[in-house]
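Novice: Could you have a look at this structure, given as structure tokens, before my questions?
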Amino acid sequence: MRTINHWIGGKPATGSSSRTSPVWNPATGEQQAEVVLASTEDVDTAVRTAAAAFEQWSQSSLSTRAKVLFAFRELVNARTQDFAEIISDEHGKVVSDARGEVQRGLEVVEYACGIPTLLKGEYSDQVSGGVDLFSFRQPLGVCAGITPFNFPAMVPMWMYPVAIACGNTFVLKPSERDPSASLLAAELWSEAGLPDGVFNVVHGDKEAVDALLDHPEVAAVSFVGSTPIARYIHERGTAAGKRVQALGGAKNHAIVLPDAGIDYTSDHLVAAAFGSAGERCMAISAAVAVGPPGSTAGDELVAAVSEKARAVKVGSGRDADSEMGPVVTAAARDRIVGLIGTGAEQGATLAVDGRGLRVPGYENGFFVGPTVIDNVTTEMDVYREEIFGPVLSVVRADSVDEAIALINANPYGNGTAIFTNSGEAARRFQRGVNVGMIGINVPIPVPMAYYSFGGWKDSLFGDKHIHGPEGVSFYTRAKVVTSRWPRVEAASGSSFHFPTSN
């Protein structure tokens with residue numbers, strides 16, 4: 001059985017713990033490897049290694065950092081297919097989707113390559129007689145990233161390129177379900193010329209997470225995952241005096257107005273709901289069909305989406321014909337199947353039932369077929385829970401304002417979308433919803449890397465979104481310097497009065 005180890009100080013490390021966790025192939029249902037789980041001592045070793053590397057890296061020139069980042073970018077770009085195949089084998093998503101994930105992660109690397117410009121400070125000349133004022137930003141120290149299984153390459157790349165470019169060192173704790181992409185990234189950082197100890201990877205479970213949150217030499221923690229864990233990370237990390245950004249779960253709605261093109265809308269709803277088997281924090285899991293009482297708009301939408309859901313090609317992620325792969329584990333499959341059944345029990349209509357799907361040649365895989373549930377109400381479990389699977393619930397609303405109110409009543413505020421040809425309705429929607437990321441005829445509005453990613457309400461704990469300008473701000477702190485260089489012959493005595501300009 002292949003063993004997946006940590007990466008500490010520029011090389012693989014076995015650590016001191018004998019605990020391991022299985023790594024499955026979701027398409028076959030077979031265990032393909034085991035990953036070692038870090039002890040508190042292993043985390044301490046990684047953090048102390050990163051703290052020692054910070055002394056040199058934080059003093060490196062911006063040109064040096066940019067050169068390493070450019071080299072890393074080229075290496076990742078050259079190995080995109082390798083990343084994609086590793087991700088497909090451990091996560092289950094189709095290879096083409098995994099390649100797209102790597103590309104979106106690379107956009108953050110490319111953004112971080114501009115660190116000499118991103119860290120430019122401000123300068124004010126002659127704010128008072130002979131006095132100048134300027135500001136600049138400096139790195140924090142050791143930063144930690146705790147990342148989810150659903151994007152094992154992209155989400156860590158939302159964090160560590162910006163942190164490292166700003167002069168920090170980094171300890172990454174990826175999901176133990178699909179850990180290998182992070183190790184490939186570590187190898188490429190080393191090949192790019194990043195000094196040993198600047199980037200480290202420790203695998204683990206709650207013991208490793210708590211060790212990072214409690215370690216006195218960890219200055220900042222970035223997290224992406226479920227809302228209960230995000231709340232826990234934020235509370236424990238901030239109690240320990242750390243800077244924390246913790247991105248939580250989502251229940252993303254797409255409002256569909258009667259004037260939206262049914263073919264265009266249903267195409268994009270199917271892709272947004274079932275791509276990556278719905279295991280995306282920006283997946284559309286609730287479609288809100290808008291129409292007055294007696295309208296057939298909702299029925300037409302359900303019919304179009306259902307027809308296209310049945311046509312989705314489900315199979316192994318390595319199969320070039322597959323459009324959707326399995327979910328990540330058997331436990332995830334069973335949870336999703338249970339929620340589908342609960343929806344039917346609570347009065348919803350299963351327009352398309354994806355339970356019991358068997359893929360020829362992969363009968364033991366963790367598959368759930370695309371599922372469309374109609375006549376869902378906001379009290380049902382399939383609406384209230386973040387299903388994180390290929391399930392689209394359809395809710396009905398009489399008007400745009402009712403749909404906006406429905407979204408605003410939901411505790412999550414990550415992403416949302418509207419499909420319409422009405423500019424007035426779209427503008428009312430974008431101004432009225434209490435959601436951080438909004439799409440207008442765009443179902444998954446993930447911003448480009450030079451903007452920041454993050455939601456509102458229970459989808460974010462902390463005040464800084466991830467990557468983009470807010471990412472640079474999160475991984476640095478400002479210094480403001482007031483300076484005077486007086487001529488000796490013009491020097492005068494100091495005053496005990498509060499300083500004012502003159």
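The values are calculated or read from the model by the stated rules, or taken from the named source; none is laboratory data. Small disclaimer: the values here were computed from a predicted structure and weren't measured. Note: accessible area is taken over every heavy atom of the protein model, side chains too, but ligands, DNA and RNA are not part of it. Shrake-Rupley method; radii C 1.70, N 1.55, O 1.52, S 1.80 Å.
Novice: Please calculate the 1.4 Å probe accessible area of residue 234, with all protein chains present, and give it to the nearest 10 Å².
Specialist: The value for residue 234 is about 50 Å².
Novice: Please work out how much accessible surface residue 313 shows to a 1.4 Å probe, ignoring ligands, DNA and RNA, in Å² rounded to 10.
Specialist: About 120 Å², rounded to the nearest 10.
Novice: List the relative contact order of segment 27-156 as a percent without decimals, with contacts defined as Cα pairs under 8 Å and 6+ residues apart.
Specialist: 26
Novice: Using the Kirkwood formula over every pair of different C-alpha atoms, what hydrodynamic radius in Å results for the chain?
Specialist: Across the chain, the inverse of the average 1/r is 24.1 Å.
Novice: Using Cα pairs closer than 8 Å and at least 6 residues apart in sequence, work out the relative contact order for segment 315-457, in percent.
Specialist: 16
Novice: Turning to a different aspect of this structure: Sum -39500 (n - 2.57) across every DSSP H segment of at least 4 residues in the chain, then divide by the residue count to get the 222 nm mean residue ellipticity, nearest 500.
Specialist: Taken over the chain, the calculation gives -11500 deg cm²/dmol.
Novice: Take the alpha-carbon centre of segment 294-372, take the same for segment 158-198, and report the distance between them in whole Å.
Specialist: Here the two parts' Cα centres lie 35 Å apart.
Novice: Then there's this: For Cα pairs less than 8 Å apart in space and 6+ apart in sequence, what is the mean separation divided by the residue count of the chain, i.e. the relative contact order in percent?
Specialist: Computed over the chain, the figure is 18 percent.
Novice: Hey, another quick one. List every residue whose amide H lies under 5 Å from the amide H of residue 199, counting only residues 5 or more places away in sequence or on a different chain, with H placed 1.01 Å from N in the peptide plane.
Specialist: Result for residue 199 returns 170.
Novice: Tell me the Rg and the Dmax, in Å, that the Cα atoms of segment 49-117 produce.
Specialist: 15.0, 42
Novice: Something else: Tell me, in nm to one decimal, what length is gained between residue 481 and residue 77 on full extension, where the rule is 0.36 nm per residue of separation less the Cα-Cα distance?
Specialist: Full extension of this stretch gives 141.4 nm more.
Novice: Let me ask another. Compute the helix-to-body angle for 423-432: its Cα long axis versus the longest principal axis of the chain, expressed 0 to 90° and rounded to tens.
Specialist: 60
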